[in-house]
1. Can B:ASP241 be described as in contact with a Gly (Cβ under 7 Å, 6 or more places away or on another chain) and at pLDDT below 95?
2. So B:LEU163 clears everything in (1) under 20 Å from the mean Cα position of the chain (by Cα); (2) at pLDDT below 95; (3) open to solvent by less than 20 Å² (accessible area, probe 1.4 Å) except one condition, right? Which one?
3. Residues in the range C:123-166 that are aliphatic (A, V, I, L, M) and open to solvent by less than 20 Å² (accessible area, probe 1.4 Å): how many?
4. Identify, by number, the condition in (1) within 14 Å of chain C (Cβ to nearest Cβ); (2) open to solvent by 20 Å² or more (accessible area, probe 1.4 Å); (3) in contact (Cβ under 8 Å) with a residue 40 or more places away in the chain; (4) closer than 24 Å to B:VAL71 by Cβ that B:ARG344 doesn't meet.
5. Quick one: how many residues across the range A:15-73 are open to solvent by less than 30 Å² (accessible area, probe 1.4 Å), charged (D, E, K, R) and either assigned to a strand (DSSP E or B) or without any contact (Cβ under 8 Å) to a residue 40 or more places away in the chain (or both)?
6. I'm told B:SER147 meets every condition in (1) part of a loop (DSSP other than H, G, I, E, B); (2) on the phi < 0 side of the Ramachandran plot; (3) free of Cβ contacts under 8 Å to residues at least 40 places away in the same chain; (4) of a type outside the set (A, V, I, L, M, F, W, C) except one. Can you identify the failing condition by its number?
7. Here are some conditions: (1) within 10 Å of chain C (Cβ to nearest Cβ); (2) within 23 Å of the chain's Cα centre (by Cα). A:MET137 meets all but one. Which one does it not meet?
Amino acid sequence: MSATPIDTDTVADVTTSLEVCDIVKSFGAVKALRGVSFTAHAGEVLGLLGDNGAGKTTLVKCLAGILAPDSGQILINGSRAHITSPKASRSLGIETVHQDLSLIDSLDVAGNLFLNREEIRGPKLLQWFGWMNQPQMRRDAKATLDSLHINIPSVRRPIQRLSGGQRQAVAVGRAVAWGQRIVIMDEPSAALGVEQTRLVLDLIRQLQHRNILVVLITHNMQQVVEVCTRAVVLRHGTVAGDIAVGPESARDLVDLITGAV
Amino acid sequence: MRKSVIAAPAVIGLVLALAACGGGSSSSSSSAEAAPASSEAAPASSEAPATEGGSVAFSYGNESAGIYPIVAKPAAAQAESRGFEFLEGSANGDCDKQVQDLENFVTQQVSAIVVLPICGVEPVTPVLAMAKEAGITIVGYSQPVPSGDGAIVYQNVAGAEALAANAIDWYTNEFTGDKEDFSWVLYTYDQCGQPCTDRTDPIRAAITAATGVEPYEAESVAEDTGQKALETLLQKDPSIDMVIGINDAGALGAYAALAPLVKDGTREASELYVAGMDGQTEALELIAEGGGEGGIYRASGALILDDLGRAVADLPIDILQGQGASTLELPYEIVTTADPARARAIVDTYNSLTQ
Amino acid sequence: MSTTQAFTGVGIEAEPLRQRLPLWLLRNGIVVALLVEILFFWSQSEKFMTVSNIRLVFLQVAIVGIIAVPVAFLLMSGYIDFSMGSVLGFTAAIIGMTLDGGSSVLVAIGAGILAGAAVGALQGAMSTKLTFSPIIVTLGFFVGVQGLTFVITDGKMRSGFPEAFTAIGQGRTLGIPNPVLIMLAVFALGWIVHTRTRWGRYTVALGVNAEAAHRAGISKTRIPFWIYVAVGVASAVAGLIAASRLDATPPTLGDGTEIEVLAAVLLGGVSFGGGRGSLIGVLAGVLFIGLLNNGLILLGAPPFWVRVSSGVALVVAAGLTALAIYIEKKKQGTST
């Protein structure tokens, strides 16, 4: 178990590569993914784009271990990754911010940041009892959020007493703090105002500098152009385009998404 | 916090008398399919009855109950000795199954049906009317039934009066405490209606009249609740002298609360009287051994179950043969520590029947 | 949304007591109800607030209290059990028969607790890993285990146990009845697990948002399975105490206990459907019902009033919980 969340200044010492090879996933008669392949490397911010129902969220769930693909492989650093559960995904160094955030409402901010990564007290023999070191976790949570410049009244405030934007910030902060190799964000700025959106984009750049691969799902072309280095466009469960993103790419991307080319 | 009365063989008298009120909960022992009792019972669907003597069919409805063989075996023996075949149901607490059992009896053209309607009389009314039409003699067990030609009932009031008389006799002649300071407890179970109040009303009236003291009352028909209730009442009045239970199970609980006090010398055994009704085996066993700690469990108003079993065969056969009354009122016998040998004999009989 | 101001650093302090207390009281309305109840009975009967009566109430609620702790966890995690009373009777019967057969007290206790754990594990496996409906599974066990008790005992009571056994339930240590000490220890352990360990945290997380907990890598079935085992063991310990106190094991022992336990747990502010609740509330709920039974008997209330008022208390508790949720939601609405 990696005991503490990141030191947000460290740079990942391995260079990560993610290869998605021919992933197929159906729900009954509906083919959500019909053989999706792409490759991405640490240091990139990969935009994963597409219209509603294109298969983005399904692909995210396959990477997060929530869904198992019907066929195809996921390779990390060239070796096959068996992402059979969320736990497996996490232990491969993948962190995911889901669209619905996946926070526990009644737990406080520190509790959510450390969910299933609690710092345990006591001698080795009593570790199984799971006695948490709450003061330490609160201090670490504060340090982490401070270093990410995430503004929350207190790490002891329950999630249910935070605003929508603050919740989003906690969910993003959790992924950024724990992400070791890959951080996937599904619509991370959906509920956010201008200022907070700026914060999220800053965090994405930070990750990039730490040599962590970011996969960003968004409908906002301006954001894509601003932070993404490359974009994979999905349409009807297949890859419709895989292009490098530059200042002038927005138009091309919209065409790819809508199928105008 | 309902007590599933009928599921408890411990509550013998109540099981027999209160089918109407406890019926719904009887399914709680329905899973006990493999009870020893029904294993040697002739299944209801066996071959047609012998024509010369005829047949008596018995639907007790809860054939896996521990006390069933104590009733059914003497009934079968008695029927046989009078030249009748004896058939048994296998509803095991299931209301629908009991109706099926009765339908089978009608199809087999039995001579008489004895039925304890475990879910009240309504579900069995149509099939009993059908049986009546087919010329079958019908006897209600524990209560009269529609289309019935007769019934076996208990003398609840007389039994309660007899038990109260025993208690009063003890109070008058043996109680060594201060009569000015006498106090007593009555366990009730009002939710079952008349069959229960037929027991508790006469006891309350008689002992109140004889002692001039009204009882503390609590609801209990089981050992654990009987224990808790008396413990609490002893907080209110540490010198309670007498506890009468509507059944033996509750009284046994009161006994469990008092026994440690007698043992450690807090209470004098000669100031204490505990008794219940039913003639539950455990209570009779205690009486046979002299009444437990200090001999304070002094009496039980007992239904003699093998007598009851014989009546299950005798009453319908008597009606068929045109002799005797159509209603049999089974008396209670007051079994006391004054005659432990009698208690022992009853227990031995029961044990031999359940072996 | 008003985070446009400059970043000022994240707080680490809990919210001030004056903000938390009203919420705590709202969620633990039972504690207030318990105080009112005590004052009422105290004013009505001089027998009520005596050392021996309070000791008795604690003794009498020990059985329900011991089972209520793991059942509270079970409800918090979003599961349910209706079979506790039947398991209590079953394990007590096993203990009684083992003692009756001449085995040592330790062997008998071991057999009872093992049986309780086994029944709990069976129900747990079906309700969690095999995803059967927990309501149906545990109702099935409620009926089936009770029937099984009659089968193995032949419907007969065992009694007259060795002193070493009856001393467990009837004896005292430092003036406190042993069952009360056991109950308090179970509550203390439950409180620590709930508020201080990761297992308590995961239990709550599963009840509040099972999917989110799963996405954080927490197994949806592992903890609930072990809680079912704990309920089985607790029912066996309660059965052991009941048998020891009664010096007998009637096959009907424990009838209705499941309802009392669930009533106490729900009164304590734990809700069906998971997430909410505290062990302090549950202890208050257990005592509330125990004191109600005790107080009404001391006042000489007609027996059926005991049942009527237990029912009323439960309905009021349900109302309080709904009110608490409503007010919290409203507050939340205004804060965003």
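1. Working: in contact with a Gly (Cβ under 7 Å, 6 or more places away or on another chain): yes; at pLDDT below 95: no.
Judged against the criteria, B:ASP241 is not a match.
2. Here B:LEU163 clears every test but (2).
3. The initial filter retains those residues of the range C:123-166 that are aliphatic (A, V, I, L, M), namely C:125-126, C:130, C:135-137, C:139, C:143, C:145, C:148, C:151-152, C:157, C:164.
When the remaining residues are screened for being open to solvent by less than 20 Å² (accessible area, probe 1.4 Å), the result is C:137, C:145.
Selection size over the range C:123-166: 2.
4. Status for B:ARG344: all satisfied but (1).
5. 1
6. Looking at each condition in turn, B:SER147 falls short on (2).
7. Just one mismatch for A:MET137, condition (1).
For (1) of a type in the set (Gly, Ala, Ser); (2) open to solvent by 40 Å² or more (accessible area, probe 1.4 Å); (3) in contact with a Ser or Thr (Cβ under 6 Å, 6 or more places away or on another chain); (4) more than 19 Å from B:GLU268 (Cβ to Cβ), each residue gets a yes or a no:
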| position | (1), (2), (3), (4) |
| --- | --- |
| B:GLY212 | yes, yes, no, yes |
| B:PRO215 | no, no, no, yes |
| B:LYS228 | no, yes, no, yes |
| B:LEU233 | no, no, no, no |
| B:ILE240 | no, no, yes, no |
| B:VAL243 | no, no, no, no |
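The values are calculated or read from the model by the stated rules, or taken from the named source; none is laboratory data. Please read these numbers as outputs of a predicted model, since none were measured by experiment. Using ideal geometry, Cβ is built from the backbone for each residue, glycine included, and neighbour counts are taken over all protein chains shown. In case anyone asks, the SASA skips ligands and DNA or RNA and just uses the protein heavy atoms, side chains included. Shrake-Rupley method; radii C 1.70, N 1.55, O 1.52, S 1.80 Å.
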